[in-house]
Every structure is written in C-alpha cells, then in structure tokens.
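J.: Quick one: the structure is below, questions incoming.
The values are calculated or read from the model by the stated rules, or taken from the named source; none is laboratory data. Being a predicted model, the structure only gives us computed values, none of them experimental. Here Cβ is always computed from backbone atoms with ideal geometry, including for glycine, and neighbour counts include all displayed protein chains. Only protein heavy atoms, including side chains, enter the accessible area calculation; ligands, DNA and RNA are left aside. Shrake-Rupley method; radii C 1.70, N 1.55, O 1.52, S 1.80 Å.
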Amino acid sequence: MKPTEFTRQVLLDQATNVFAEKGYDGASVREITRRADTNQASINYHFGAKASLYLEVLKLAVSAIGNASLLDADTVEQVPREEAVRLFIRQQVTPLLKHGQVSRYLRIFAWETLNPTPIYRDFIATEKLPVMDLAERIVRRFLPATASPAQIAVATIWLTQQVAPFVRHFDALSRPPLNMKVDRRFVDELANDLCKMTVAGLQSRENQD
C-alpha cells in the first residue's frame, strides 16, 4: 500500500472512531488528525473537508452494514414475522458490545437518528439505507393491506428507533444513577425485551385501518 493510501485509510478509520463516539457535530478535525498522527492538510488533500470525510464514512457504513446484516430481503419474507423482528432488533443492539467495525457504524447512525445532520439528510435522499428497507418490509407484514404510505412510513421509522436511545446513551448506562453492567447478558436481555415490546406494538396495528 502506498503511503498516501495508507494515510487515507488511517484517517477513515480514526474518523469512524471519533464520529461513533461523539457524532458529527462533536467530532473535531483536530481530534481525528491527532489520532491518525497526521495533520489537517492530509484531510484537505484526501477529502477536501470534514464534511466530505464524513460522507465517505457514511458510504462505507452502508456497505459494511449491508454485508454484515443478519437479515436480507429474502429472509424477512421467509422467516416468521416475529423472528424477523428479533433478528432486526438483535442487529441493532450490537453496538452496545462495542466490538467490530459494524458496531461503530451503527453508533454513527444512532447519532443521526436523534439529530440528523444536513450531510446525512442529503445522503439518504440519494441512498436508500438497507436498515430502512428491511424495517419497511417487516412492518408491512404486520400492518393491514389498507395501510397508507404515511402509516407505513411512521411504523418504519418507529421500528428503527427502538434501539437508538440505548446506543446513543451507551456511556450513561454504566454510570450513576443507572449503574448498569453492560455485558453480553444485559444486551441479550435488552434485545429480548425490546423484541417482545416491538412485536406487541406492531401487532396492535394489525387490524387497525
């Protein structure tokens, strides 16, 4: 790998870490370049600006999440709908274990679901996010055939938001006053509880017009 390619990759990797930890607005170029052991000129050279660097991270995130997904369009249609919800929720709680590249990307999207940046809004206007497509396919299996596009959209957004607060406030879970032990057992129990509540919520809409 050429030195310039190596620097670009390191910048992307460290930018992903910082964006996952602090969100776009909280992330600084200074922090990214410090972790990458380089300078702002390297960001200007490879990406032009912080916004362009973030956009590149978003593109990598969509690709990585799609490749690592527990679900695809065929699986959503083939498994029982309750199982589709379970797999969807399980995938969304993965960042709580803080392992792997995909977890970092999911944390970035968790920031965006609560406080979308203009960069993200422009991005999703041209890129259909796999998570939204899967969520829509799942809710369509619960909602009546007469459900309007608006009702489907609301249910889809609602489904994607079930885990986001826990991911966004991950660091606060283990601190006072909550003092939770965020380990695999906690994540498993959280996924199971959220799955039950989510299925119940979707089932409550099943026979409503």
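J.: Would you check the accessible area of Asp25, probe 1.4 Å, heavy atoms only, in square angstrom rounded to 10?
T.: Accessible area, nearest 10 Å²: 110 Å².
J.: Can you send over the solvent-accessible area of Lys128, 1.4 Å probe, protein chains only, in Å² to the nearest 10?
T.: For Lys128, solvent-accessible area is about 140 Å².
J.: In whole Å, what three semi-axes, largest first, describe the equivalent ellipsoid of region 52-111 built from its Cα gyration tensor (square root of 5 times each eigenvalue)?
T.: Working: eigenvalues 111, 36, 14 Å².
Values for region 52-111, descending: 24, 13, 8 Å.
J.: How many nm is it between the label spots at Ser174 and Leu114, if each spot is 7 Å from the Cα in line with the beta carbon?
T.: Taking the simple label geometry, Ser174 and Leu114 are separated by 1.7 nm.
J.: Moving on to the next point. Heavy atoms of the protein only, probe of 1.4 Å, neighbouring chains included. What is the accessible area of Met197 in Å², nearest 10?
T.: 120
J.: Follow-up. Of Pro80, Ser69, Thr38, which is farthest towards the positive pole of the chain's charge dipole, taken about the Cα centre with +1 and -1 on the beta-carbons of Lys, Arg and Asp, Glu respectively?
T.: Thr38
J.: Go through Ile32, Ile119 and list them by solvent-accessible area, largest first, probe radius 1.4 Å.
T.: Numbers: Ile32 0, Ile119 35 Å².
If we order Ile32, Ile119 from most to least accessible, we get Ile119, Ile32.
J.: Follow-up question, since we're still on this one. Given Ile89, Ile108, Val10, which one lies farthest toward the positive end of the charge dipole of the chain, if we put +1 on the Cβ of every Lys and Arg and -1 on the Cβ of every Asp and Glu?
T.: Working it through, the farthest residue towards the positive pole turns out to be Val10.
J.: Also, I was wondering about something else. Under unit Cβ charges (Lys, Arg +1; Asp, Glu -1), what dipole magnitude, rounded to 20 debye, does region 131-209 have relative to its Cα centre? Can you show the working numbers first?
T.: On the way: 10 positive and 9 negative charges, 26 e Å.
The dipole of region 131-209 has a size of about 120 debye.
J.: For the full complex of protein chains and a 1.4 angstrom probe, list Arg90, Arg107 by accessible area with the highest value first. Intermediate results must be reported in sequence, preceding the final value.
T.: Numbers: Arg90 60, Arg107 25 Å².
Largest accessible area first, the list is Arg90, Arg107.
J.: What's the angle, to the nearest 10 degrees (0 to 90), between helix 184-203's Cα axis and the longest principal axis of the chain?
T.: 50
J.: Let me know the charge dipole size of the chain about its Cα centre in debye, to the nearest 20, where only the beta-carbon of Lys, Arg (+1) and Asp, Glu (-1) is charged.
T.: Numbers: 26 positive and 24 negative charges, 103 e Å.
Charge dipole, the chain, about its Cα centre: 500 debye, nearest 20.
J.: Place a +1 charge on the Cβ of each Lys and Arg in region 99-153 and a -1 charge on the Cβ of each Asp and Glu, then give the dipole magnitude about the Cα centre in debye, rounded to the nearest 20.
T.: Values: 7 positive and 5 negative charges, 37 e Å.
Once rounded to the nearest 20, the dipole reads 180 debye.
J.: Which longest run of the chain has no exposed loop site in it, a site being GluC sites (Glu not before Pro) in a DSSP loop with at most 16 other beta carbons within 10 Å, and the site itself not part of the run?
T.: Numbers: sites that count: Glu127, Glu206.
By the stated rule (loop sites, at most 16 other Cβ atoms within 10 Å), 1-126.
J.: What whole-number distance in Å separates the alpha-carbon centres of region 79-132 and region 27-57?
T.: With region 79-132 and region 27-57 each reduced to a Cα centre, they are spaced 23 Å.
J.: Oh, and also: Could you sort Arg168, Arg140 by their accessible area in this structure, using a 1.4 Å probe and putting the largest first?
T.: Solvent-accessible surface, decreasing: Arg140, Arg168.
J.: Continuing with this model, one more query. If a/c stays under 1.5 just call it rounded; otherwise compare a/b with b/c (prolate if a/b is bigger, oblate if not). Do that for region 104-209, with a ≥ b ≥ c from the square roots of the Cα gyration tensor eigenvalues.
T.: Working: a/c = 2.62, a/b = 1.30, b/c = 2.01.
In terms of gyration-tensor shape, oblate.
J.: Cα-based Rg (one decimal) and Dmax (whole number) for region 1-75, in Å?
T.: For region 1-75, the Cα-based Rg and Dmax read 13.8, 46 Å.
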